[in-house]
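Below is one structure, written out as structure tokens; the observations come after it.
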């Protein structure tokens, strides 16, 4: 009874069932931003001790982990594992650039900006790569 209630609540709370082609990559992008913020954001806080910075980073990674796992679990019905991993890696690189520019105030060269743009194009191409349904398993079911 508890399992049925939890699965019903999980389904109601998940927006990815309505627009998975948008919500899954978006959640993975937001998760990547939290991770980039945890990796690099603490560098702006030079006056706090190491352990405080470590706990702050762990605190930032908790929502990242929730977003990442929930996006991958709900997105596997729509995207392949390789597609979602590619979204995560590409968006991670782009978010590192965003955090380094807007939080650490580092300048990005035109070549770096072009590289980040190519990563976004790569994410779009991978997303349009088709479904992850295995041809063999679908033919066996028929």
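The values are calculated or read from the model by the stated rules, or taken from the named source; none is laboratory data. If you're wondering where the values come from, they're calculated on a predicted model, not measured in any experiment. In this analysis, Cβ positions are derived from the backbone assuming ideal geometry, glycine residues included, and neighbour counts consider all displayed protein chains.
Among residues of region 102-116 that are at negative phi and without any contact (Cβ under 8 Å) to a residue 60 or more places away in the chain, none has a beta-carbon under 7 Å from a residue that is outside any loop (DSSP other than H, G, I, E, B) and loosely packed, with under 10 Cβ neighbours inside 10 Å at least six positions away or on a different chain.
In region 68-78, the qualifying residues are those that are touching a helix residue (DSSP H, G or I) at 6+ places or on another chain (Cβ under 6 Å) and within 15 Å of residue 29 (Cα to Cα), and the one that is surrounded by the most Cβ atoms within 10 Å (Cβ to Cβ) is 71. Exactly one residue among 54, 62, 13 is modelled with pLDDT under 90, farther than 20 Å from residue 123 by Cβ and surrounded by fewer than 15 Cβ atoms within 10 Å (Cβ to Cβ), and that residue is 13.
Counting the residues of region 73-87 that are in contact (Cβ under 8 Å) with a residue 12 or more places away in the chain and over 14 Å from residue 127 (Cα atoms) gives 1.
Going by the structure shown, is residue 131 surrounded by 10 or more Cβ atoms within 10 Å (Cβ to Cβ) and at pLDDT below 90? Answer is yes for this residue.
State whether one or more residues within region 42-51 are part of a helix (DSSP H, G or I), touching a residue at least 12 places away in the same chain (Cβ under 8 Å), exposed (fewer than 14 other Cβ atoms within 10 Å of the Cβ) and more than 18 Å from the chain's Cα centre (by Cα). Yes - at least one qualifying residue is present in region 42-51.
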